[in-house]
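The values are calculated or read from the model by the stated rules, or taken from the named source; none is laboratory data. What you are looking at is a predicted structure, and each value in this text was computed from that prediction instead of being measured. As a convention, Cβ positions derive from the backbone with ideal geometry for all residues, glycine included, and neighbour counts pool all protein chains shown.
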Amino acid sequence: MDSDDVEWFPKNKAMCLKQDDDLSEGERMEEMLNGIGVRIDASENRLSLTTEKRTDKLLRMVEVIMRQQKEATARLEFMSDAVKAQGKQLARVVARNGLEEMDAGPGGVQHGRLQSAMPGNDPIDDVASLSTASLAGGEAGAGPRPAARPAWEERVTVEVLDAVEIPNGGSMGALIARVSWNGEPRGETETMWMGPKPSWFVGNKFNCRRGGDADRLTVNLVRREQKKKGSKKKSEGEVVAMLELGWPFLKEAVLQGTKTYFPLVPSGDFREVAPDCQIGLKLS
């Protein structure tokens, strides 16, 4: 220091006190790499364990599904065999009844039994010949039984559902649908008239007995205004519109079996405000 000699002082270097237990840079790097490898191995082990658990769970689910499928298949086969057995038993009963009813024909019961006992004439295997003897009525010369008449040939049900394109004319109230069959009143149903599409839900089905091809249906829509203050009766307005249909149109609607809209004939002032009004009916 006295001679101003500073060459001994280290320049651009850090002076550290090295101890015997300190590790070199290479040893530190190796230790760090070993730690990373340990963590990677642990992660792989956890991932493998999770994958094995999920695989086992999926395999168990597949086994359960396959077992249920086998059980369902077995039940279907059992039901199919039971149905076949019942069919054969029914065929035997029908064959036996048919043979017993053939007593009035030529050859009597013995003839029928001989025919059925011959090889190739088993009634179970030959249902066509069996049905000919049993369904024809069992008597010689008897024709086939007449088919049952459809219900609409005896009675028709008229259901009033709704109407469209009928403005209320500026007067709130009720709209009544009056149904007549062949000129005779069958009843009426009433609903609140709040807009251009009134609907009927209560008491809107009417049974009508068929009379023939001359049957006619008449539906009148009548406005009933709100009861005025101090009045004990509800005032009925004019007929808004009407419908009259003959049996050809009614039969077509009956065969369709769904709601059908029929054009109404408006009356009075409603001819201008409701020229396209219709009523929805369901006939069955």
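Of the residues making up the range 257-265, not a single one is in contact with a Lys or Arg (Cβ under 6 Å, 6 or more places away or on another chain), modelled with pLDDT under 85 and outside any strand (DSSP E or B). Here is the figure for the range 169-181: residues that are crowded, with 16+ Cβ neighbours inside 10 Å and of a type outside the set (A, V, I, L, M, F, W, C) total 4.
Restricting the range 151-203 to residues that are among the aliphatic types (A, V, I, L, M) and outside any strand (DSSP E or B), the residue that is modelled with the highest pLDDT is VAL202.
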